[in-house]
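What follows draws every value from the coordinates through simple rules; no lab data is involved. Please read these numbers as outputs of a predicted model, since none were measured by experiment. All Cβ positions, even for glycine, are placed from backbone atoms using ideal geometry, and neighbour counts span all protein chains on display.
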Amino acid sequence: MELPASLLSVAQVRALEARALATAGAGGLVLMRRAAAASLQTLRTHWPEARGFTVLCGGGNNGGDGWMMARLGREAGFDARVVWTTAPDALRGEASQAAAEALAAGVPADAFAASATETLSRAEVIVDALLGIGLSAPVRAPLDAAIEAINAAGRPVLALDVPSGLCADSGRVQGVAVRADATVSFIALKAGLLLGAGPDHVGALSVDSLGVDPPQAHEIAWQRITRAQLRASIPRRRRDAHKGQGGHVFVVGGGEGMPGAARLAGEAALRVGAGRVTVVCAESSATAIAASRPELMVRSLGGDAAAVAARASEWFTAADVIVVGPGLGRDLWARRMLDAVRASGKPTVFDADALQLLDDGRDGGLPADSVLTPHPGEAAAMLGLTSAAVQADRPAALRALIDRHAAVVVLKGAGTLIGQRGRVPQICDRGHPVLAAPGTGDVLAGAIGGLWAQTGDVWAATTSAVWVHARAGERLAHTVDRGVLAGEVAAELPTALAEALSADTIAAGASS
C-alpha cells in the first residue's frame with residue numbers, strides 16, 4: 001500500500017488526535033486499542049511465522065500502546081512479554097489502564113536491566129514502545145541503554161509510531177535511536193520518518209489512521225512527491241507530436257577543461273523529452289561535447305565581455321529554459337556567461353558553479369521562476385554554515401534558503417527537499433545510494449530544464465524531475481550500491497519517466 005501524500009508535524013498530529021477525541025467521542029483508550037491492534041496486524045504481516053514477541057515499554061502513551069499490544073497478542077495466542085523501563089504502578093492515564101489489563105491477562109513483565117540484551121536476543125520479534133513522538137531532547141537513562149540493547153540484540157524490530165530516539169519532526173537522531181525493520185505510524189505520516197536520518201531507522205513503513213479523519217490542506221507540513229502528481233503534471237504525447245513542441249533548452253557550462261558536466265546535463269534534457277538542446281560552452285570544450293553526444297547542438301563562446309554579451313543575447317532569444325552551471329567554472333569567462341544568462345531574463349536553472357557565483361548567496365534579482373539546486377555543501381556556502389549543520393537539520397536549511405530566494409529551491413541529498421515561498425514543501429522518498437556519484441547532479445539539472453521546457457510549469461517540472469531522477473537510480477541498483485555512472489542515470493531517465501506516468505504500482509525502494 002502506498003504511503004499517504006501528506007506528512008504532518010507532531011503538533012499537527014496532536015491536533016488531529018484532540019479533534020478526534022472531541023468530535024467522535026472516542027476516548028484515549030479506544031485509540032490505544034486501535035493502535036495496538038494495528039501494531040499486532042503489522043507484526044503478523046511482516047513476520048507471519050512468529051509465535052511470540054517481546055515489547056519494551058516506556059512510561060508514556062507509546063508504552064501504553066505496547067502494553068495493550070502485549071495483551072491483545074496474549075489473547076491471540078502469542079507468547080507476548082513486556083520489558084518495562086517505567087514500573088506499571090508509576091504509569092498514568094490510559095497507559096496505566098493498559099498495563100493493568102495486560103497484567104490481568106497474564107502477560108509476563110519484567111523491569112529492564114543491563115542483562116536485557118541476552119533476553120532480547122532470544123525474542124522472535126522485538127517491539128519498540130519506549131518513546132513516542134514528543135521527544136525533543138537527547139535520550140536519557142535508562143532509555144538510552146534500552147535502545148542500545150534493542151539494536152545490539154540482532155533480532156527483527158517493529159517500532160510503534162516512530163523508532164525511539166528519532167525526532168518525529170526533523171528525523172534527527174537524539175543521541176541514539178532504534179534501528180527498526182518495520183515501523184507503523186499512527187494517525188498520520190510524521191515528517192521525521194522521511195526526513196534526515198528517518199529512512200535509515202524506520203525500515204518498512206506503513207501508516208494506520210486509527211479511524212481519525214485525515215488532515216485538511218492547511219494542516220499539512222510536507223507532501224511526498226507522488227506518481228499521481230506526476231501524471232497530472234506531465235501530459236502524454238499525442239501521436240502527431242513533433243520536436244518543436246518539446247521546447248528548446250540551453251545548457252550553459254563546459255568551461256575550460258570541463259566538458260563532461262554540460263554534456264551530461266544536455267543529454268538528460270533530451271532523455272526526458274526536450275525537443276532541442278543547445279550547449280553553450282568554452283571553445284576548448286566544444287569538440288569533446290559534440291563528438292560524445294551528436295544529438296546536442298553545440299556553440300562555443302570566448303573573447304571579451306562585449307562579444308560574449310552580444311552573441312549570448314542573440315542566441316538566448318531561442319531558449320525556453322536555460323540551465324547554467326554544469327562545468328561552468330568560476331573564472332572570468334564563467335562570470336561573463338552567468339551575467340549573460342541573467343540578463344536574458346529567461347527561465348533558468350542555477351546549478352553547481354553558478355550557485356557559487358551568485359552574489360552573497362542572495363536573490364540579486366533572481367525571478368520566482370528560477371530554480372536553485374544546491375547539494376549540502378553548496379547550501380552551506382550559501383547560508384554561511386557547515387555541511388554538517390545543513391545535514392543536521394535539512395528542513396531548517398531549506399526554510400533559510402527559501403527565505404533568501406524567491407526561486408524554487410531543491411536541496412539535494414538522500415530525501416531531496418523542494419520548496420518555494422507560499423507552497424507546501426515537498427520531499428522525494430525515492431532514490432538509492434548509487435546516486436552518490438559525480439555528475440548525477442548535472443543530470444538532475446538537465447532533467448529539470450527538459451521537463452520545464454515541455455510543461456512551462458516550474459514547480460511541476462522540478463518535482464517531477466526529482467522523482468524521475470531518483471527512480472532512475474533505483475532502477476539501476478539491481479545488486480549494487482555504488483559504481484553506477486552519471487551517464488547511465490541519464491540513459492535510464494526515459495524508462496523511469498514512462499514508469500512514473502503508468503498506472504502500475506511500484507513498491508517502495510524497488511528496482512526493476
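Between Ala152 and Ala100, what FRET efficiency comes out of the Förster formula 1/(1 + (r/R0)^6) with R0 = 51 Å and r the beta carbon distance, rounded to 0.05?
0.95
Can you pull out the trypsin sites (Lys or Arg not before Pro) in region 225-278 that DSSP calls coil and that have at most 14 other Cβ atoms within 10 Å?
Taking region 225-278 and a limit of 14 other Cβ atoms within 10 Å, the loop trypsin sites (Lys or Arg not before Pro) found are Arg236, Arg237, Arg238, Arg239.
On a 0 to 90° scale, report how tilted helix 458-476 is relative to the longest principal axis of the chain, with both axes built from alpha carbons and the result rounded to the nearest 10.
Around 70 degrees separate the two axes.
Return the distance in nm (one decimal) between the two label points of a simple spin-label model at Ala87 and Glu295, each offset 7 Å from Cα along Cα→Cβ.
Between Ala87 and Glu295, the label points sit 7.2 nm apart.
If amide H atoms are built 1.01 Å from N in the plane of the peptide, which residues on other chains or at least 5 residues away come under 5 Å of the amide H of Val279?
Those lying under 5 Å, H to H, from Val279 are Val251, Met297, Val298, Arg299.
Over 23 Å, how big is the tail of the calculated P(r) for region 373-512, in percent of all Cα pairs?
That tail contains 33 percent of the Cα-Cα pairs.
To the nearest 20 Debye, how big is the dipole of region 240-499 about its Cα centre, given +1 on the beta carbon of each Lys and Arg and -1 on that of each Asp and Glu?
180
Write out the GluC sites (Glu not before Pro) in region 249-327 meeting two conditions: DSSP loop, and at most 13 other Cβ atoms within 10 Å of their Cβ.
Answer by residue number: Glu295.
Report, to the nearest 10°, how far helix 61-75 tilts away from the longest principal axis of the Cα atoms in the chain, using its own Cα long axis and a range of 0 to 90°.
That helix lies at roughly 60 degrees to the long axis.
Per the Kirkwood treatment, what hydrodynamic radius in Å, one decimal, follows for region 240-499 from the mean inverse distance over all distinct Cα pairs?
For region 240-499, the Kirkwood estimate is 17.9 Å.
How much of the DSSP bridge set in region 240-499 is antiparallel, in percent, rounded to the nearest 5?
The antiparallel fraction comes to roughly 20 percent.
Using amide H atoms built 1.01 Å from N in the peptide plane, name the residues 5+ places from Trp84, or on other chains, whose amide H lies under 5 Å from its own.
Cys57, Asp110, Ala111, Phe112
Only bridges whose two residues both fall in the chain count here: according to DSSP, what percent of them are antiparallel, nearest 5?
Approximately 15 percent, going by the DSSP bridge assignments.
If amide H atoms are built 1.01 Å from N in the plane of the peptide, which residues on other chains or at least 5 residues away come under 5 Å of the amide H of Gly431?
Result for Gly431 returns Glu474.
Taking R0 as 35 Å, what's the FRET efficiency between Ala141 and Glu49 from their Cβ-Cβ distance, rounded to 0.05?
0.50
Students often forget the sequence filter, so: which lysines lie under 28 Å Cα-Cα from Lys346 once same-chain residues fewer than 8 apart are removed?
Hits, sequence-local ones excluded: Lys243, Lys412.
Ratio of alpha-carbon Rg to the 2.2 N^0.38 Å globular estimate for the chain, to two decimals, please.
For the chain, the normalised Cα radius of gyration comes out at 1.10.
For region 240-499, with the dipole built from +1 on Lys and Arg beta-carbon atoms and -1 on Asp and Glu ones, taken about the Cα centre, which of Val308, Trp467, Gly329 lies farthest toward the positive end?
Comparing the listed Cα positions along the dipole, Trp467 ranks first.
Between 0 and 90 degrees, rounded to the nearest ten: what's the tilt of helix 305-316 against the longest Cα principal axis of the chain?
Between the helix axis and the principal axis of the chain, the angle is about 70 degrees.
Take Leu501 and Lys243, extend 7 Å from each Cα along the Cα→Cβ direction, and tell me the distance between the two endpoints in nm.
Between Leu501 and Lys243, the simple spin-label model gives 1.8 nm.
Give a quick list of trypsin sites (Lys or Arg not before Pro) in region 65-135 that DSSP marks as loop, anything other than H, G, I, E or B, with at most 16 other Cβ atoms within 10 Å.
Passing both the DSSP loop test and the Cβ count: Arg92, Arg122.
Using just the alpha carbons, could you tell me how many Å³ per residue the convex hull of region 141-234 encloses?
Dividing the Cα hull volume of region 141-234 by its residue count gives 121 Å³.
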